[in-house]
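The next block holds one structure in the form of structure tokens; read it before the comments.
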Amino acid sequence: MKKNLLLFVFCLLSLQIQAQNFYDLNTVQTIEITFAQSNWDQLLDAEKAGSENYIMAQSVTINGTIFDSVGVKYKGNSTYNANQTKNPFHIELDTYKDHEYDGYTDIKLSNVANDPSFVREVLSYQILRQYMDAPLSNYATVTVNGSLIGLYSNSESIGKKFVNKYFYSKDNTFVKCNPPAGAGPSTTDYPNLVYQGTDSSDYYDAYELKSDAGWNELIDLCDTLKNNIADIEKVLDVDRALWMLAFDNSFVNLDSYIGGFAQNYYLYRNDYRQFIPIVWDLNESFGQFAMTGSGNLNSNAAKQQLSHLLHENDANFPLISQLLSIPMYKRMYLAHYKTMLLENFDNNTYLTKGQALQTTIDADVQADPNKFFTYANFTSNLTTDVSSGGGPGGPGGPGGPGGGSSYIGITNLMDARSTYLLALSDFTQTEPTISNILTSVATPALGSTFTITTTVQDEDDVYLGYRSAIGAPFERVLMYDDGLHNDGAAGDGVYGVDVVMSTIMMQYYIYAENANIGKFSPQRAQHEFYTISSGSITPVGGDVVINEFLASNSTVMADQDGEFDDWIELYNNGTTAMDLSNYHLSDDSTDLLQWQFPTGTTIGANDYLIIWADNDGAQTGLHANFKLSAGGEGVYLSDTGGVVLDAIVYPAQVTDTTYGRFPNGTGSFRSMPPTFDAENMTSIVSVDILQQQALNIQAFPNPARVSFQINVAEEEEKERLVQVYDLHGRVVYQNTVTSSLTIATSDWAAGLYLVSVEGTTIKVVVQ
């Protein structure tokens with residue numbers, strides 16, 4: 001077992017990991033790009049105009065962490081211009097080497113070319129994430145070869161990492177719904193989901209397939225929308241589509257599906273064969289784009305009073321017209337729409353958030369030498385319309401980046417819009433009220449039947465939506481006020497329904513509707529929901545238990561082949577060894593026998609056993625045939641008969657931070673610094689220790705392959721003790737350093753190491 005020699009180091013590591021959040025809204029990231037070529041801008045322009053390949057940067061430094069040999073290119077459509085200094089960037093850390101920062105490899109930086117307020121994109125994503133899965137977004141300053149280019153919005157890339165993080169798979173049909181050649185005045189093919197027949201070539205100019213295959217699935221979605229709307233939930237996550245449509249309309253985000261080009265969203269088909277919509281590119285949210293597809297909004301009043309049912313009867317927008325043709329879906333849409341209005345605009349929450357963002361970036365906006373607007377524009381556009389004749393970012397043009405345009409004030413738009421909408425009959429009609437949601441048993445046993453009840457008024461029908469697996473579609477069933485479902489007396493306003501606790505966890509919500517509008521509880525359902533659990537099984541002394549696991553392993557510990565895979569740690573609380581032959585591990589509550597321990601597998605008394613959850617049974621050792629989801633799921637340990645011995649349903653996880661029992665082997669689960677194959681620890685670093693972290697030390701290169709160099713940049717030159725620890729707390733190297741020291745690593749195992757110089761500790765990854 002690991003000794004507690006370096007307890008403070010591991011706790012410090014945990015704090016450092018949490019502090020590194022690349023999309024922290026309260027922190028402006030610092031990105032420094034260095035090209036070996038002085039004509040880097042010309043090279044990037046040439047690629048943007050041609051094949052759009054990456055140019056290799058000599059290095060990219062993110063918040064002080066240096067990555068060598070990184071792919072960089074320009075991105076964007078209307079916001080890119082070869083004649084301007086400040087162009088959007090796409091940085092790909094792993095183009096040439098296996099780099100990542102805080103678990104991310106693709107960095108998308110927008111140049112804020114059409115937004116004097118600097119908050120439209122980041123604020124819109126911040127609000128949208130309350131209702132559906134959407135990219136994280138904040139800000140970053142960018143320098144190239146030592147020259148400040150300016151302040152950018154920094155939004156999470158929608159790629160395989162994104163869909164795996166949020167939807168628990170990455171290899172299914174994946175469609176970018178933007179014309180591949182870019183949308184513009186001459187565009188005639190739109191990704192509007194209009195059915196064009198069965199020939200996939202008829203869709204090529206409107207959609208970009210990001211997976212190896214999938215045209216038939218996309219065509220099936222379009223066909224179902226047009227010809228078989230009754231089966232739409234079999235192929236589309238309707239609830240998320242309704243949230244997207246309500247968001248785009250309420251925020252006057254017309255450079256989207258509901259606008260002139262019907263673009264800027266993705267579709268990912270999950271393991272349940274439903275397409276999930278993902279919103280993208282919000283730089284022109286809050287009324288900055290005027291094309292609706294059926295005319296232009298050429299005045300503030302037109303934007304303020306944009307119909308909440310835009311395209312309701314327009315066959316060119318089937319996602320709207322076909323969904324809203326179903327009375328239940330229309331009532332759900334109105335419920336979601338009203339929730340957004342009341343939670344963000346009726347109470348001015350959006351303004352408070354926008355002001356907080358502007359406070360965070362104020363100094364960086366002032367310092368931006370290439371911003372497309374003045375600092376005065378920045379300070380006023382959150383509330384007031386501004387006009388701009390072009391800024392130093394580029395020459396612009398009418399309606400383009402820096403061009404002579406009018407930019408509506410965000411509160412000028414949304415205060416009037418909220419007042420207008422909330423006065424409409426669709427939103428003043430009496431809505432159902434839902435209260436007193438109860439379960440007949442607080443923690444139902446696995447396999448048992450229990451009742452969920454709720455009190456509802458002003459309703460016609462009430463439904464329970466529930467699921468027993470994270471990420472699965474919710475099943476919607478009627479609830480009854482008939483006195484036969486543990487609901488009290490018939491007609492008393494109490495509704496009930498019986499459900500079976502088929503797995504260790506159930507997520508659910510209530511939906512009620514009348515002839516005019518629906519109501520959800522919780523109001524942000526299905527994105528938010530209630531959870532009932534039979535709980536993780538309380539371990540009994542002598543039992544083998546799930547003790548700790550890591551669902552997102554970036555640098556903590558590599559397997560025998562040097563791969564940083566997910567892992568699960570078991571612990572034997574007993575005093576005798578246990579034979580685990582033919583026991584089972586699973587991450588699927590409906591398939592508890594998913595992976596079987598090989599014959600002869602044992603775990604000693606008071607000892608640990610590591611299983612790599614990497615879906616790679618071809619490797620030597622214990623490698624399960626599943627991977628863990630960082631977005632949250634369950635882990636189940638069963639005996640030879642499939643009886644669950646221990647289980648835990650866990651929430652979303654932080655990269656390189658584990659989830660484990662404390663006290664070790666018997667306690668409840670919590671986030672903690674990783675203690676691979678060793679006793680779990682959760683103590684917090686003392687103030688005295690934190691105050692010791694004052695030395696200016698750096699390690700380069702990091703990650704290291706053959707060696708790395710420690711540099712100490714301190715005025716006082718003296719010999720200082722250097723100690724390097726592995727994650728078992730063992731000292732693997734010790735020496736002294738005055739200003740610089742090279743440490744050979746060629747004989748070290750791949751993994752994370754902690755380098756301590758007189759109390760200051762940094763991480764070094766050895767590959």
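The values are calculated or read from the model by the stated rules, or taken from the named source; none is laboratory data. This structure is a prediction, so every number in the text was calculated from the model and none was measured. Positions of Cβ are generated from backbone atoms using ideal geometry, with glycine treated the same way; all protein chains shown enter the neighbour counts. Just the protein is used for accessible areas: all its heavy atoms, side chains included, with ligands, DNA and RNA removed. Shrake-Rupley method; radii C 1.70, N 1.55, O 1.52, S 1.80 Å.
Within 16 Å of Thr360 (Cα to Cα) and out of contact with any Ser or Thr (no Cβ under 6 Å at 6 or more places or on another chain), is that true of Asn114?
no
Got at least one residue in segment 251-259 being under 25 Å from the mean Cα position of the chain (by Cα) and outside any loop (DSSP other than H, G, I, E, B)?
No: segment 251-259 contains no residue that is under 25 Å from the mean Cα position of the chain (by Cα) and outside any loop (DSSP other than H, G, I, E, B).
Specify which of the listed residues (Asn81, Asn138) is open to solvent by 40 Å² or more (accessible area, probe 1.4 Å) and not aliphatic (A, V, I, L, M).
Answer to the check: Asn81.
In segment 108-134, how many are part of a loop (DSSP other than H, G, I, E, B), closer than 15 Å to Pro88 by Cβ and not hydrophobic (A, V, I, L, M, F, W, C)?
Total satisfying the criteria: 3.
Residues checked against (1) more than 20 Å from Tyr131 (Cα to Cα); (2) outside any helix (DSSP H, G or I); (3) touching a strand residue (DSSP E or B) at 6+ places or on another chain (Cβ under 8 Å):
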site	(1), (2), (3)
Ser285	no, yes, no
Asn298	yes, yes, no
Lys303	yes, no, no
Met328	no, no, yes
Tyr333	no, no, no
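For segment 439-498, name all the residues that are more than 26 Å from Tyr168 (Cβ to Cβ), open to solvent by 50 Å² or more (accessible area, probe 1.4 Å), part of a strand (DSSP E or B) and not polar (S, T, N, Q).
Asp461, Leu478, Tyr480, Asp498
What is the one condition in (1) open to solvent by 10 Å² or more (accessible area, probe 1.4 Å); (2) within 32 Å of the chain's Cα centre (by Cα); (3) at pLDDT 90 or above; (4) farther than 30 Å from Leu645 by Cβ that Gly562 does not satisfy?
Going through (1) open to solvent by 10 Å² or more (accessible area, probe 1.4 Å); (2) within 32 Å of the chain's Cα centre (by Cα); (3) at pLDDT 90 or above; (4) farther than 30 Å from Leu645 by Cβ one by one, Gly562 breaks only (3).
Is it true that Asp656 is on the phi > 0 side of the Ramachandran plot and buried (at least 16 other Cβ atoms within 10 Å of the Cβ)?
It is true that Asp656 is on the phi > 0 side of the Ramachandran plot and buried (at least 16 other Cβ atoms within 10 Å of the Cβ).
Residues that are modelled with pLDDT of 80 or more, touching a helix residue (DSSP H, G or I) at 6+ places or on another chain (Cβ under 7 Å) and among the basic types (Lys, Arg), at least 1 per element: which strands (runs of 3 or more DSSP E) completely within segment 677-742 meet that?
none
From Asp189, Asp231, which residue is open to solvent by 30 Å² or more (accessible area, probe 1.4 Å), assigned to a helix (DSSP H, G or I), without any contact (Cβ under 8 Å) to a residue 24 or more places away in the chain and over 30 Å from Asn370 (Cβ atoms)?
Asp231
Return the pair list, or none, for Cβ contacts closer than 7 Å from residues in segment 644-659 that are within 13 Å of Ile568 (Cβ to Cβ) to residues that are modelled with pLDDT under 85 and β-branched (Val, Ile, Thr), at least 6 apart or on different chains.
Taking only residues 6 or more apart or on different chains, the pairs are Asp646/Ile537; Ala647/Ile504; Ala647/Ile537.
Looking only at residues that are assigned to a loop (DSSP other than H, G, I, E, B) and more than 16 Å from Tyr268 (Cα to Cα) in segment 155-186, which one is most open to solvent (accessible area, probe 1.4 Å)?
If we take residues in segment 155-186 being assigned to a loop (DSSP other than H, G, I, E, B) and more than 16 Å from Tyr268 (Cα to Cα), then Pro185 is most open to solvent (accessible area, probe 1.4 Å).
Yes or no: segment 312-319 includes at least one residue that is crowded, with 19+ Cβ neighbours inside 10 Å, of a type outside the set (Phe, Trp, Tyr) and touching a residue at least 40 places away in the same chain (Cβ under 8 Å).
Yes, segment 312-319 contains at least one residue that is crowded, with 19+ Cβ neighbours inside 10 Å, of a type outside the set (Phe, Trp, Tyr) and touching a residue at least 40 places away in the same chain (Cβ under 8 Å).
Which condition number does Glu343 fail, the rest of (1) open to solvent by 50 Å² or more (accessible area, probe 1.4 Å); (2) touching a residue at least 24 places away in the same chain (Cβ under 8 Å); (3) within 26 Å of the chain's Cα centre (by Cα) being met?
Going through the list (1) open to solvent by 50 Å² or more (accessible area, probe 1.4 Å); (2) touching a residue at least 24 places away in the same chain (Cβ under 8 Å); (3) within 26 Å of the chain's Cα centre (by Cα), Glu343 breaks only (1).
Just checking, does segment 283-299 include any residue being closer than 25 Å to Asp202 by Cα and at pLDDT 95 or above?
Taking every residue of segment 283-299 in turn, at least one turns out to be closer than 25 Å to Asp202 by Cα and at pLDDT 95 or above.
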